[in-house]
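Let me begin by presenting the structure, written as structure tokens, before commenting on it.
The values are calculated or read from the model by the stated rules, or taken from the named source; none is laboratory data. These figures come from a predicted structure and were not determined experimentally. Note: ideal-geometry Cβ built from the backbone for every residue, glycine included; neighbour counts use all protein chains shown. SASA here: full protein model, heavy atoms, side chains in, ligands and nucleic acids out. Shrake-Rupley method; radii C 1.70, N 1.55, O 1.52, S 1.80 Å.
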Amino acid sequence: FTMLITGKNITLENNNVKLRFPVREDIPHLKRVFADSEIWKYTVSKVQTDEEIEGFYQDASAGLNDGSKFTFIIIDKASGRFAGTSSYGNISEKDKRLEIGWSYLGKEFRGTGVNAHFKFLMLQYAFETLKMKRVEFKTDKLNSRARKALLKIGCTEEGILRSHTLMHDGRRRDTVFYSILDSEWNKIKSNIFNGL
């Protein structure tokens with residue numbers, strides 16, 4: 001299914017948000033959003049210096065080219081501003097499975113509904129166009145805000161992998177896994193995302 005994405009310029013949008021692949025002109029906007037240190041509290045890597053942001057952009061471009069990861073820029077349509085980024089990754093075509101993650105939202109867009117809107121678009125595309133059987137999410141056991149948000153969009157918490165990931169600050173993270181299955185998607189779409 002990466003052939004459905006690779007080499008194409010895909011845009012996902014509704015009335016509230018627009019998702020598109022990154023271009024070099026996005027770098028100053030990335031810099032502004034990524035300057036918020038709070039974003040990196042529970043993340044594996046940290047992207048703040050010019051070199052790190054350039055590396056992020058290069059990795060996103062490489063992922064688009066080889067089909068290993070698809071990074072989207074999130075635009076808040078009400079303000080026209082760059083709200084953050086999110087990606088499809090850990091893709092298994094054989095298993096019809098992918099992960100939605102690497103989601104970084106600017107401070108002013110947290111709690112505004114932008115998270116639910118972009119996740120809905122990514123879930124809808126994953127299940128309805130890419131025909132995925134399973135979409136995964138994972139987060140830090142300590143990140144209670146992310147954990148609540150994942151349950152709020154209909155995810156099932158599956159378990160905790162202890163001492164799973166080395167963080168950028170040297171801490172070892174306990175990682176919590178969540179998922180939505182294709183058999184659950186229509187119900188979640190109508191019950192949880194109905195108002196979007």
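Excluding residues on the same chain fewer than 8 positions from Lys94, give the lysines whose Cα lies under 21 Å from its Cα.
Here the lysines satisfying the reach criterion relative to Lys94 are Lys69, Lys131, Lys133, Lys138.
Which value in nm describes the separation of the simple spin-label points at Asn15 and Arg171, placed 7 Å from the Cα toward the beta carbon?
For the pair Asn15/Arg171, the computed spacing is 4.0 nm.
Counting pairs of Cα atoms in region 101-140, how many percent are more than 15 Å apart?
Beyond 15 Å sits 50 percent of the P(r) for region 101-140.
Using a 1.4 Å probe on the protein heavy atoms only, what accessible surface does Glu13 show? Give it in Å² to the nearest 10.
Surface open to solvent at Glu13 totals about 90 Å².
If you take the square roots of the eigenvalues of the alpha-carbon gyration tensor of the chain and sort them as a ≥ b ≥ c, do you get rounded (a/c under 1.5), prolate (a/b over b/c) or oblate?
In terms of gyration-tensor shape, rounded.
Mind jotting down the three principal axis lengths of region 112-196 based on Cα atoms? Whole angstrom, largest first.
Sorted largest first, the three principal extents are 40, 29, 18 Å.
First compute the accessible area of the chain with a 1.4 Å probe, then give the percent of it belonging to carbon and sulfur atoms.
Carbon with sulfur: 50 percent of the solvent-accessible area.
Write down the accessible area per residue of region 67-158 in Å², having rolled a 1.4 Å probe over the full set of protein chains.
That works out to 42 Å² for each residue.
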